[in-house]
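The structure appears right after this line, and notes come after that.
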Amino acid sequence: MAVREVIRMGDPRLLHKSQPVERFDTPELHALVQDLEDTMRAMNGAGIAAPQIAVNQRVVIFGGFKSPRYPDADEVPYTVLVNPVLEPQSETMEDGWEGCLSVPGMRGVVPRYTRLRYRGFDQYGKPIDRTVDGFHARVVQHECDHLDGILYPMRIRDLRDFGFADVLFPGQQLEDD
Ligand code: NI
């Protein structure tokens, strides 16, 4: 359908709480998912949330890529997740580097729960219920934060662990997510 403009940090629309999707398998929802996928692929993202293209709905997509930043991570399956509910399965949090298409060129260290159950629906209304860990769990937490108006820099504990990707990781090609 279309690669959409990704709005960037500073735009108040990234700070809003998004609305639940009420009807599944509609032309509007399919068009939104296609636009999210086109935009994520065009920008080499690991995931993207609807608010990042200025759509105030609880829809995220992620996965379907091999991450050069996490060469040992299992491949995260391409997933469309609507109206997600997250339940950490452990108190344990782990620090890891993150980026975001709405914060281009930057990276920061963010603590995330290591093990996570997430539930929701795909765009057809089919239920999703998974328990995951590691990078998969991190991506889901990052993307779903967007639905509550939270950007990863808000979760950085020590702002010394925040900077420009090309300075932090010279010579590496890194995607945003
Ligand atoms: Ni993001």
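The values are calculated or read from the model by the stated rules, or taken from the named source; none is laboratory data. None of the values given here were measured: they were computed from a predicted structure. Don't worry about glycine lacking a Cβ; one is built from the backbone with ideal geometry, like all the others, and counts go over all protein chains shown. In case anyone asks, the SASA skips ligands and DNA or RNA and just uses the protein heavy atoms, side chains included. Shrake-Rupley method; radii C 1.70, N 1.55, O 1.52, S 1.80 Å.
Structural remarks
- Comparing 153, 111, 77 in a Gaussian network model of the chain, where Cα atoms under 10 Å apart are tied by springs, the biggest mean-square fluctuation is seen for 77.
- Taking 0.36 nm per residue of separation and subtracting the current Cα-Cα distance, fully stretching the chain between residue 8 and residue 30 would add 5.5 nm.
- Taking amide H as placed 1.01 Å from N in the peptide plane, the amide H of residue 128 sits under 5 Å from that of 120, 121, 122, each at least 5 places away or on another chain.
- Relative to the 2.2 N^0.38 Å rule of thumb, the chain has a C-alpha radius of gyration ratio of 0.97.
- Carbon-plus-sulfur accessible fraction, the range 12-168 (probe radius 1.4 Å, protein heavy atoms only): 49%.
- In this Cβ point-charge picture (+1 for Lys and Arg, -1 for Asp and Glu), the chain has a dipole of about 240 debye about its Cα centre.
- With only the Cα atoms considered, the range 84-177 has a convex hull volume of 104 Å³ per residue.
- Heavy-atom accessible surface of the chain, averaged per residue, reaches 51 Å², computed with a 1.4 Å probe.
- Phi angles across the range 155-167 convert, under the Karplus curve 6.51 cos²θ - 1.76 cosθ + 1.60 with θ = phi - 60°, into 3J(HN,Hα) values of 9, 5, 7, 10, 5, 5, 8, 9, x, 7, 4, 6, 7 Hz, Gly and Pro given as x.
- For residue 115, residues with placed amide H under 5 Å, excluding near neighbours: 89, 90
- Relative to the longest principal axis of the Cα atoms of the chain, helix 27-42 runs at roughly 20 degrees.
- Within the chain, helix-based [θ] at 222 nm, where runs of 4 or more DSSP H residues each add -39,500 (n - 2.57), nearest 500: -6000 deg cm²/dmol
- Considering only 122, 161, 35, the Gaussian network model of the chain with Cα springs below 10 Å gives its largest mean-square fluctuation to 161.
- The alpha carbon centroids of the range 117-152 and the range 1-50 are separated by 14 Å.
- Helix 134-147 vs. the chain, principal-axis angle (Cα, 0 to 90°, nearest 10): 60 degrees
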